[in-house]
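J.: Sharing a structure below in structure tokens format, with a few things to ask.
The values are calculated or read from the model by the stated rules, or taken from the named source; none is laboratory data. If you're wondering where the values come from, they're calculated on a predicted model, not measured in any experiment. Cβ placement follows ideal geometry from the backbone for every residue including glycine, while neighbour counts extend to all protein chains displayed. Protein only, heavy atoms only, side chains kept; ligands, DNA and RNA dropped before computing areas. Shrake-Rupley method; radii C 1.70, N 1.55, O 1.52, S 1.80 Å.
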Amino acid sequence: MEINSKQGYYDKKLCNFTPRLLSEITVDDGVETTKRLRLGGKLAGGRLLPEIEINGSELGSFNWLLDKWGVECVLEVGKNVKDNVRHAIQLTAPAANKKCIYTVTGWKKIDNHWHYLLPNDSRFDVDLSSKLKHYSTEQNFSEQDIANVFMMHEIPPVKKEILYPLIAFTFLTPLNEFLKRAGCEPKFVLFLVGHTGTRKSTLAALFLSYFGQFTASDLPLSFRDTANSILHNAFTLKDVLTCIDDFHPSGRDEEKKLTATAQSVMRAYGDRTGRGRLRADSTLMENRPPQGNAIITAEFAPDVGESGTARYFSLELKDGDVDLINLSAYQSEAERGGFRRCMYAYIEYLKAFHLSTQADEKEFISDLKSRFTAARDEFIKKYPNCHGRIPEAVACLRIGFDFYLDFMEENFMLNPISSDKLRQEFLEYLYAQAADQCSSIINDKPTHIFIKKLYSLLESGQVYVMKRGELYEPTGGAFIGWEDEDYYLLNCDSALKAVKRLCDEEGTRFTITLRGLMRALAEEDLIDTFGNQNTFPIRIGDKSKRVMWLRKSKSDKICY
């Protein structure tokens, strides 16, 4: 190589191989971009070296040389040898191919236009990890593709109470980017519950086939994956549907592990927040929250408490709910790519009608916000005492179904009258399921669990209380307090320990602290409060004993 020095130019051997830059690859993961370099070369004897790929930041260190090209490639001894070889490689850059690879799916603004990224895109390179290899698009469609999908209303593969929410959730998913901008991003997962043989995984795979080619045996995520792995992929899968399959613990220890994973997943989707992480130099990394929507399949709902239950919308599959003949026909259609082509048509519809100009985009986001607010408030008016997350989930599903109907109307599958009829039918099913969900959340309240378990212990004789007039305190672990006509006067510690012990024996968790339980009971007016105190003393013989005053009238309503 020719070196420039104070004495002029001279030749110096720097290495026994000739490296060159073949490609400069920009990798965009949705948060940051990094560089990958593809190198080629040949040894001094003329033998070609294999093409290799390295991180751009590694180029000057040459730590890659031995691992990638082996011991035959030798750098000469010298102070600036690495810098000179690195300089020589970079001088070959003008002849190198330049390209960008996206490692994330969904909507992205490129050259001031919105594009929906999926593998198999003819315009952009989208490269997902091997675990996500079944995601892909097809960039053409016919009226028949849309008609075949629309036939689900006439020839359903599963009962309509299950079918309609699945359709709504599927067509909601490509709206996530713009719902987020409107401040009403979906914050729940869809829970498909049913015992073995009800075809829940097969049904989930069918609806994932709008975004790729899936079967029940190759769903992208599983509860056998770690929570960190699931959440990493949940960020990558932006504006597409995914499935976390098979919550089916085989024993108590595994149930604890899988329940912890379920809790992490539902909290991440429910809050749309990622874990805070630091780079090697201690600077804060960008958050990577889930960006798409997820179906979870399970044989039973995990014990994730009131807040966890509020973060999912449950659909229960029973024997006979799935029509196997119809399901098989739609599976064949999905395998032929009909579902992917229909979703491509839907994406093109969104571009044409809502994303053509900045003004259209602004109006689109405003319209989504208005739809969300109206649908949420309508449900709250009908069910004023429900958990705050349920009306939001209902509103999002309504938006998904409305856009599906709008899309079908635009493609002449529906007229406005038949569209309104389907919308009303969907709402009847949706409201009924949402009301059931509200009941499930109430049943998962720590206060309700405590009272139900307490009554169970009292009725079975595992614990007992004495009449209030019997003013002494017997020894023994089964005694937990006194009662009169209106109250249970409970020793707080003894009552809570008895309930926790029963939960442990049943294989469930009841982890609330005594202070947390007392505060929750007071907030629901289930106990008498005395100023800022949740307990009040009574005289027991010559002693004073502070007890919880649990109202019988309100507690009885929870249990009976």
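J.: Applying the selection to region 118-143, what residues are in contact (Cβ under 8 Å) with a residue 24 or more places away in the chain, open to solvent by 90 Å² or more (accessible area, probe 1.4 Å) and in a helix (DSSP H, G or I)?
T.: E143
J.: It is to be established whether one or more residues within region 434-452 are surrounded by 15 or more Cβ atoms within 10 Å (Cβ to Cβ) and either modelled with pLDDT of 95 or more or at positive phi (or both).
T.: No, because not a single residue in region 434-452 is surrounded by 15 or more Cβ atoms within 10 Å (Cβ to Cβ) and either modelled with pLDDT of 95 or more or at positive phi (or both).
J.: Looking only at region 228-247, count how many residues are closer than 12 Å to Y269 by Cβ and assigned to a helix (DSSP H, G or I). It would help to see each step written out before you state the result.
T.: Of region 228-247, the ones closer than 12 Å to Y269 by Cβ are 230-231, 234-235, 237, 242, 244.
Then drop every residue that is not assigned to a helix (DSSP H, G or I), which leaves 230-231, 234-235.
Residues flagged as closer than 12 Å to Y269 by Cβ and assigned to a helix (DSSP H, G or I) within region 228-247 amount to 4.
J.: Let me ask something additional. Looking at region 349-406 only, could you name the residues that are among the small types (G, A, S) and more than 16 Å from F171 (Cα to Cα)? Quick ask: steps written out before the conclusion?
T.: From region 349-406, those among the small types (G, A, S) are 352, 356, 359, 366, 370, 374-375, 388, 393, 395, 400; that's our starting set.
Of everything in region 349-406, those that are among the small types (G, A, S) and more than 16 Å from F171 (Cα to Cα) turn out to be A352, S356, A359, S366, S370, A374, A375, G388.
J.: Hey, which of the strands (runs of 3 or more DSSP E) in region 44-117, taking only ones fully inside, have at least 2 residues that are buried (at least 17 other Cβ atoms within 10 Å of the Cβ)? Don't jump to the end; show me each part of the working.
T.: Details: elements: 48-55, 97-102, 106-110, 113-117.
In region 44-117, the matching strands (runs of 3 or more DSSP E) lie at 48-55, 106-110, 113-117.
J.: Still on this structure: For L430, which of the numbered conditions (1) crowded, with 17+ Cβ neighbours inside 10 Å; (2) outside any helix (DSSP H, G or I); (3) not small (G, A, S) fails to hold?
T.: (2)
J.: Which residues, counting only those in region 479-506, are closer than 13 Å to I538 by Cβ and of a type in the set (F, W, Y)?
T.: Scanning region 479-506 gives W482, Y487, Y488.
J.: For V74, indicate whether it is β-branched (V, I, T) and modelled with pLDDT of 95 or more.
T.: Details: β-branched (V, I, T): yes; modelled with pLDDT of 95 or more: yes.
The answer is yes for V74.
J.: Can you tell me which residue in region 276-300 is most open to solvent (accessible area, probe 1.4 Å), limited to those that are of a type in the set (S, T, Y) and either modelled with pLDDT under 70 or under 9 Å from the mean Cα position of the chain (by Cα) (or both)?
T.: The initial filter retains those residues of region 276-300 that are of a type in the set (S, T, Y), namely 282-283, 297.
From what is left, the residues that are either modelled with pLDDT under 70 or under 9 Å from the mean Cα position of the chain (by Cα) (or both) are 282-283.
Numbers: S282: 84, T283: 58 Å².
Out of the qualifying residues, it is S282.
J.: Then there is this: Taking region 25-48 as the region of interest, how many residues are among the hydrophobic types (A, V, I, L, M, F, W, C), in contact with a Lys or Arg (Cβ under 9 Å, 6 or more places away or on another chain) and without any contact (Cβ under 8 Å) to a residue 60 or more places away in the chain?
T.: 2
J.: Another question, then. Does region 406-422 contain any residue that is among the small types (G, A, S), in contact with a helix residue (DSSP H, G or I) (Cβ under 7 Å, 6 or more places away or on another chain) and closer than 24 Å to W107 by Cα?
T.: Taking region 406-422 and keeping what is among the small types (G, A, S), we get 418-419.
When the remaining residues are screened for being in contact with a helix residue (DSSP H, G or I) (Cβ under 7 Å, 6 or more places away or on another chain), the result is 419.
Retained after the next criterion (residues that are closer than 24 Å to W107 by Cα): none.
No, there is no match, as no residue in region 406-422 is among the small types (G, A, S), in contact with a helix residue (DSSP H, G or I) (Cβ under 7 Å, 6 or more places away or on another chain) and closer than 24 Å to W107 by Cα.
J.: Six or more apart or on different chains, Cβ atoms under 9 Å: show the pairs whose first residue is in region 528-542 and on the phi > 0 side of the Ramachandran plot and whose second is open to solvent by 40 Å² or more (accessible area, probe 1.4 Å) and not hydroxyl-bearing (S, T, Y).
T.: G541/L471; G541/E473
J.: Just to be sure I understand, how many residues within region 178-198 are in contact with a strand residue (DSSP E or B) (Cβ under 9 Å, 6 or more places away or on another chain) and either within 13 Å of G270 (Cα to Cα) or buried (at least 22 other Cβ atoms within 10 Å of the Cβ) (or both)? Step through it out loud before you land on a result.
T.: Pass one, region 178-198, residues in contact with a strand residue (DSSP E or B) (Cβ under 9 Å, 6 or more places away or on another chain): 178, 186, 188-194, 198.
Checking the rest, the ones that are also either within 13 Å of G270 (Cα to Cα) or buried (at least 22 other Cβ atoms within 10 Å of the Cβ) (or both) come to 178, 186, 188-192, 194.
Count: 8.
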